[in-house]
Amino acid sequence: MSEAGQDAGPRTAVVVGAGIVGLSTAWFLQEHGVRVTVLDRDAVAAGASWGNAGWLSPGLAIPLNEPSVLRTAPAALVRPDAPLHVPLTADRALWSFLLRFAAHCTWPAWRRVVRGNLALNRECLDTFDTLTRGGVAVGTVEAPVTAVFGSAAEAGHLLAELRRFTAAGAEAAHTVLTGAEVRDRLPQLSAAAGAGVELAGQRYVDPGRFVKALADSVRRRGGTIRTGFDVRSIRPRRYAVTVVSRENVSFSANVAVLATGAWLGSLARGLGVRVPVRAGRGYSFTVPVAEPPRQPVYLPGVRVACTPYQDGMRVAGTMEFRGPDDPADQRRVRAIVRSAAPYFEGVDWAARTDVWVGPRPVSSDGLPIIGATAEPGVFVAGGHGMWGLTQGPVTGKLLAEHIVTGKQPDALRPFDPLR
């Protein structure tokens, strides 16, 4: 552990949120000699950090605010089984968020998000390696991600996206595959797979196991993780920040970091953070397969991600703007099955297990929110949308540097919480 930060900067920190972002921040604060306590209302990896597809895919971290999203708006409102769904509701805050998000669905705003994310995406895989070298006992798996289509013509949309993505400075090395080539690489695919696009340089991981191993590492290095602590308020003071639970239990440290995912907005509003964050909920489940795939499979046409997972396959998809604690809508699960099943053989879709819904934190302008708030000693990290797992560790590394040195790294400037 580095001695940096022992003689200057904070000596103690409380991190609210035991997901990939919060635990990564805690781990890298420990690298600087800061004593950390992590608080969570539920358990380690209880939110979006558990049930996601497990992809570490900077080559596919394409911003959500592409203008074409607006064309899907009518279906999103009237079809509960559409890949993107917005329920008809009287929630004014949700409609305000969606209007602000729609205002950022322009090509200039889209390119701004790509450029803002460049540093995170370039460093994200190296940061996972730093964690595993430092004692996190679950490794990552190097494998390409193969996007599968019914025909070469259908692949055109993703290829156009990748051209725009790389033109804006991103890295996404890819190879176009014929139907025969993609089925040869992935014998689990059916004859419906008529074309593919293979993205090199990606990885995947069992997200729940990795985040729990990260928590174990934080504990071994002297950190404390306390669950069942539902934070109600943040009280900054001159030399300390106090967080108070709904049971009126308080905990103080020199600095506090809020990394509460889709719940970030409610706590951050009183801290000068003006960019709203809402829950873009995703669903996943696990299915047994005759032969597990060797690499992740992406079905862009139906927005479904499939990943090797515990001798089976995890299937994840959809974006649903509802409350983070709302119950699961089984229509969403059945819609994923209907859309993905034609592309595979040897999958027992009826025997699915681990059915899960989790809230991914989506910001109104498509950029994460990472850095200092208007209150001294209080920092926030969240709003990564679908790429919280990919970008979580590098976020924690850069934010820890910011907290300890008092200087904002250049890579974090686009994500200023006070923008």
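Return the total of residues in the stretch 83-120 being in a helix (DSSP H, G or I) and in contact (Cβ under 8 Å) with a residue 60 or more places away in the chain.
Result for the stretch 83-120: 16.
Considering only residues that are in a helix (DSSP H, G or I) and closer than 22 Å to residue 343 by Cα, look in the stretch 126-160 and name the one that is most open to solvent (accessible area, probe 1.4 Å). Spell out how you get there, then give the answer.
Taking the stretch 126-160 as the starting set, the residues that turn out to be in a helix (DSSP H, G or I) are 126-133, 156-160.
If we keep only those that are closer than 22 Å to residue 343 by Cα too, we end up with 156-159.
Working: 156: 30, 157: 83, 158: 5, 159: 32 Å².
Top of the filtered list is 157.
I'm told residue 293 meets every condition in (1) open to solvent by 20 Å² or more (accessible area, probe 1.4 Å); (2) over 19 Å from the mean Cα position of the chain (by Cα); (3) modelled with pLDDT under 95 except one. Can you identify the failing condition by its number?
(1)
Name every residue in the stretch 368-397 that is within 20 Å of residue 56 (Cβ to Cβ), more than 11 Å from the chain's Cα centre (by Cα) and open to solvent by 10 Å² or more (accessible area, probe 1.4 Å), in order of residue number.
Once the filter is applied, which keeps residues that are within 20 Å of residue 56 (Cβ to Cβ), more than 11 Å from the chain's Cα centre (by Cα) and open to solvent by 10 Å² or more (accessible area, probe 1.4 Å), the stretch 368-397 yields only 397.
Keeping to the stretch 220-239, report how many residues are within 20 Å of residue 10 (Cα to Cα), in a loop (DSSP other than H, G, I, E, B) and open to solvent by 30 Å² or more (accessible area, probe 1.4 Å).
Going through the stretch 220-239 one residue at a time, the tally reaches 5.
Every residue in the stretch 17-45 that is open to solvent by 10 Å² or more (accessible area, probe 1.4 Å), more than 16 Å from residue 386 (Cα to Cα) and of a type outside the set (Phe, Trp, Tyr), please.
If the condition is that a residue be open to solvent by 10 Å² or more (accessible area, probe 1.4 Å), more than 16 Å from residue 386 (Cα to Cα) and of a type outside the set (Phe, Trp, Tyr), then 31, 32, 33, 35, 37, 40, 41, 42, 43, 44 are the ones that fit.
Can you tell me which residue among 353, 307 is surrounded by fewer than 22 Cβ atoms within 10 Å (Cβ to Cβ) and at pLDDT 95 or above?
Exactly one of 353, 307 is surrounded by fewer than 22 Cβ atoms within 10 Å (Cβ to Cβ) and at pLDDT 95 or above, namely 353.
From (1) at pLDDT below 95; (2) hydrophobic (A, V, I, L, M, F, W, C); (3) on the phi < 0 side of the Ramachandran plot, pick out the condition that doesn't hold for residue 28.
Status for residue 28: all satisfied but (1).
Is it true that residue 388 is assigned to a strand (DSSP E or B), touching a residue at least 60 places away in the same chain (Cβ under 8 Å) and closer than 17 Å to residue 318 by Cα?
no
Of all residues in the stretch 164-183, count the ones that are open to solvent by less than 60 Å² (accessible area, probe 1.4 Å) and of a type in the set (A, V, I, L, M, F, W, C).
Adding up the residues that qualify gives 6.
Filter the stretch 2-24 down to the residues that are in a loop (DSSP other than H, G, I, E, B) and modelled with pLDDT of 65 or more, then identify the one that is farthest from the chain's Cα centre (by Cα).
Filtering the stretch 2-24 for residues that are in a loop (DSSP other than H, G, I, E, B) and modelled with pLDDT of 65 or more, the one farthest from the chain's Cα centre (by Cα) comes out as 8.
The values are calculated or read from the model by the stated rules, or taken from the named source; none is laboratory data. Please read these numbers as outputs of a predicted model, since none were measured by experiment. Note that we place each Cβ from the backbone using ideal geometry, even for glycine, and neighbour counts take in every protein chain shown. Surface areas here come from the heavy atoms of the whole protein model, side chains and all, with no ligands, DNA or RNA. Shrake-Rupley method; radii C 1.70, N 1.55, O 1.52, S 1.80 Å.
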